[in-house]
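Since the structure comes first, as structure tokens, the remarks are kept for the end.
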Amino acid sequence: MIHFLYPETDFLTAVRRPCRDRKEDMTYQEAYAKLEQIGQTHLLRFYDTLTQEEKDRLLGQIRDTDFSVLKYIGRKDQLQQWTEIAPLPAMELSEIEKGKEAFTRTGLEAIRRGEVAAVLLAGGMGTRLGSDAPKCMYDIGLTRPVYIMQRLMENLQEVTDQAGCLIPFLIMTSDRNHDQTVSFMKKHDYFGYDPSRVIFFRQDMAPAADYEGKVLLEAPSQIALSPNGNGGWFQSMDRAGILASLKKEGVRWLNVFGVDNVLQRIADPCFIGAVISKDCESGAKAVRKANRDEKVGALCLEDGHPAIIEYYEMSDDLLDAVDEKGQPLYNFGVILNYLFRIDALERTLGEDFPTHVVEKKIEHLSEAGELIRPQSPNGYKFEKLMIDQIRSLDSCLPYEVDRRREFAPIKNKTGADSVESARELCRENGIPL
Ligand code: UTP
């Protein structure tokens with residue numbers, strides 16, 4: 001079993017101040033010059049009213065912010081241009097059932113050799129859910145507290161109990177929710193997990209802009225920054241020095257998953273074993289589409305590489321394509337639970353994935369300095385997405401799961417993919433609420 005120990009305080013300090021990224025302070029003149037080149041000097045309009053500490057903070061942000069994302073506004077050419085699309089057959093439930101014992105054994109062996117780590121993507125803002133706290137802190141319980149994070153930790157511990165060893169549990173946060181997430185985990189005693197196996201790292205932030213491409217301020221000394229999407233996780237992990245440490249510890253596989261599925265199976269031995277047995281670089285848990293038009297990204301091959309085609313990008317021809325048995329050919333949607341071989345991901349480190357320009361509601365200061373809380377989208381955020389990363393890999397195993405047992409996403413307060421629907425699925429799976 002690996003001994004994977006980061007004294008937490010040292011680790012957090014290292015992440016906050018990565019030596020490689022330490023930079024000199026920026027003067028007002030330097031900040032002005034940087035902003036002038038890109039037409040953003042309005043960010044300094046409250047400078048004279050700030051305290052010294054606030055001035056330093058704003059100058060630090062101007063120094064550290066990568067404004068180059070602004071160039072993507074109005075540019076669709078850097079996004080995926082679909083060419084040669086072909087089906088990517090999934091390992092279906094019947095095949096998994098047949099190989100279950102052997103796959104599970106293989107997966108557990110990999111876990112016991114210390115080759116698997118779990119990565120929770122928890123840097124999102126969860127705006128649709130409408131809670132100010134990080135999503136992982138959301139309580140779906142009715143007669144007792146059942147936090148989203150608690151559900152994840154319970155599921156993880158089922159596997160670590162079965163394997164008889166712990167696995168490194170990495171949590172990606174953002175500047176927006178890092179402190180709250182860390183305190184929450186501490187307050188709840190890491191839900192019984194060994195804190196030395198829990199590692200936090202922060203994802204990168206990107207500036208938000210109005211429709212004219214002017215970056216917004218959310219306070220006189222604070223640029224409106226938001227997490228840069230879930231596609232930058234591997235780079236952020238590498239920059240924080242975590243990747244090197246994991247490799248040194250012998251970790252070869254990363255199980256990466258989203259925060260909001262309360263039935264999420266983490267480090268699922270059967271899934272891991274299936275991907276290893278099929279000699280794939282990656283695997284993606286997938287659900288059979290509920291109907292032709294379900295709004296999920298479908299797994300496919302593009303120019304021979306695994307890819308995920310979004311529902312709105314699919315032509316009628318693709319939606320209607322069937323195999324010789326009459327089964328739809330593009331019938332498996334991803335649920336944000338992937339297994340990646342680290343050496344394959346490392347090849348992608350130098351690559352620049354597309355930047356998605358997304359219309360969102362962005363709180364900001366008006367010209368006069370009043371805080372505006374828009375009711376509808378008023379500008380752009382810039383995001384890298386995990387689905388673009390898959391295309392750089394050579395192989396991916398779509399691995400079917402039963403959606404009623406493994407897929408209970410909480411995106412909205414009510415309706416589809418909501419707290420209500422997740423509660424119903426928890427009940428169905430015997431989870432007391
Ligand atoms: P979503 O696409 O649901 O985004 O994230 P979100 O920010 O959580 O919620 P909305 O869209 O504002 O309502 C899917 C997963 O990716 C993570 C989320 O935490 C969630 O686990 N994510 C998303 C990040 O880690 N970072 C990001 O910048 C965005």
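The values are calculated or read from the model by the stated rules, or taken from the named source; none is laboratory data. Note that the coordinates shown come from a computational prediction; the quantities given were computed from them, not determined experimentally. In this analysis, Cβ positions are derived from the backbone assuming ideal geometry, glycine residues included, and neighbour counts consider all displayed protein chains. For the accessible areas, the whole protein counts, side chains as well, though only heavy atoms, and no ligand, DNA or RNA atoms are used. Shrake-Rupley method; radii C 1.70, N 1.55, O 1.52, S 1.80 Å.
In summary, the aspartates and glutamates within cross-link reach of LYS71, defined as a Cα separation below 12 angstrom excluding same-chain residues under 8 places away, comprise GLU212.
Check the straight Cα-Cα distances from LYS187 and name the aspartates and glutamates below 20 Å, setting aside those fewer than 8 residues away within the same chain. Output for LYS187: GLU8, ASP10, ASP132, ASP139, GLU154, ASP175, ASP179.
Relative to the longest principal axis of the Cα atoms of the chain, helix 148-163 runs at roughly 40 degrees.
Of the residues ASP161, ASP179, ASP238, ranked by 1.4 Å probe accessible area with the largest first, the sequence reads ASP161, ASP179, ASP238.
Is the C-alpha gyration tensor of the chain telling us rounded, prolate or oblate? Criteria: a/c under 1.5 is rounded; beyond that, a/b larger than b/c is prolate, otherwise oblate. Prolate. Solvent-accessible area of the chain (1.4 angstrom probe, protein heavy atoms only): carbon and sulfur portion equals 47 percent. When you filter the GluC sites (Glu not before Pro) in segment 300-393 for DSSP loop state and at most 15 other Cβ atoms inside 10 Å of their Cβ, you are left with GLU310, GLU324, GLU351, GLU363, GLU367, GLU370. Note on the chain: GNM, Cα springs under 10 Å; of ASN412, ASN261, ASN337, the largest mean-square fluctuation is that of ASN412. Computed from phi, the 3J(HN,Hα) profile of segment 304-314 under the Karplus parametrisation 6.51, -1.76, 1.60 (θ = phi - 60°) reads x, 9, x, 8, 10, 9, 5, 4, 7, 9, 8 Hz, with x in place of Gly and Pro.
Note on segment 363-418 and segment 116-132: Cα centroid distance 9 Å, given to the nearest whole angstrom. For segment 296-328, there are no residues whose amide N sits under 17 Å from a probe point set 7 Å from the Cα of GLU424 along the beta carbon direction. Which angle from 0 to 90°, rounded to the nearest 10, does the C-alpha axis of helix 419-428 make with the longest principal axis of the chain? Result, in degrees: 20. For the chain, what's the relative contact order in percent, using C-alpha pairs closer than 8 Å and at least 6 residues apart? It rounds to 23 percent for the chain. For the chain, the solvent-accessible area of protein heavy atoms averages 46 Å² per residue (probe radius 1.4 Å; ligands and nucleic acids excluded). 3J(HN,Hα) couplings calculated from phi for segment 125-135 with the Karplus curve 6.51 cos²θ - 1.76 cosθ + 1.60 (θ = phi - 60°) are, in sequence order, 8, x, 5, 5, 6, x, 9, 6, 7, x, 4 Hz; Gly and Pro show x.
Accessible surface ranking for GLU400, GLU218, 1.4 angstrom probe, highest first: GLU218, GLU400. The GluC sites (Glu not before Pro) of segment 123-217 that DSSP puts in a loop, and whose beta carbon has at most 16 other beta carbons within 10 Å, are GLU212.
Given the pairs LYS100/LYS289; LYS98/LYS325; LYS135/LYS289; LYS34/LYS384; LYS247/LYS360, which are separated by over 28 angstrom at their Cα positions? Violating the 28 Å limit, Cα to Cα: LYS247/LYS360.
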